[in-house]
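Peer 1: Below is the structure I would like to discuss, written out as structure tokens.
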């Protein structure tokens, strides 16, 4: 895909996409920032990164925060990098009304989930460090004759509690990831969910009206 096509999907100018390719080139493929005279080509991975950048900017995140999040995702093998919207698989260069309408939902949802994921990851890292520190302390005091049994027992209780906190935070982090993907490999567009819900409610109303009419 070229920058013009991606710009239409994101609702921004082509120059914005080209500028992001330059500013965030460390997180993109070589073809996203080619040498002079060569055609710029965006890979499927580039689309995911640039989509995330667009959403983060729409959510008001500064460049420094975006880079920090990109660094964190790259360190984790890009596990938390959002997929591109399902609508992008549609053919044609024009953006449908459904795509434009759903972008606002995507922005709000991804921004919230990215924040929750970041907080959960930070809390999990701190909890793991706490476990390591307690384990190290426990190993040290157990080898000292002067340490009381009560102190060792207290450290063991703290270590058990810290390990429980790690398990809880890990489960919470998994739930955030599942919430983002709705249990699927690709995120489900919230606009689609609302549309399906509205259709279901309308169908239920029609059935009720028919039932009332037949009963009368």
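The values are calculated or read from the model by the stated rules, or taken from the named source; none is laboratory data. These numbers were taken from a predicted model, which means no experiment stands behind them. Cβ sites come from the backbone with ideal geometry, for glycine too, and all protein chains shown count toward neighbours.
Peer 1: Does the stretch 62-85 hold any residues that are over 14 Å from the mean Cα position of the chain (by Cα), over 15 Å from residue 16 (Cα atoms) and touching a residue at least 24 places away in the same chain (Cβ under 8 Å), and which are they?
Peer 2: 67
Peer 1: To continue, here is another question. Is there a residue in the stretch 125-134 that is in contact with a helix residue (DSSP H, G or I) (Cβ under 7 Å, 6 or more places away or on another chain), under 29 Å from residue 56 (Cα atoms), assigned to a helix (DSSP H, G or I) and at pLDDT below 80?
Peer 2: No, the stretch 125-134 has no match at all.
Peer 1: Next question. Is it the case that the stretch 185-202 has a residue that's at pLDDT 60 or above and not in a loop (DSSP other than H, G, I, E, B)?
Peer 2: Pass one, the stretch 185-202, residues at pLDDT 60 or above: 202.
Then keep just the ones that are not in a loop (DSSP other than H, G, I, E, B); that gives 202.
So far as the stretch 185-202 goes, yes, one or more of its residues are at pLDDT 60 or above and not in a loop (DSSP other than H, G, I, E, B).
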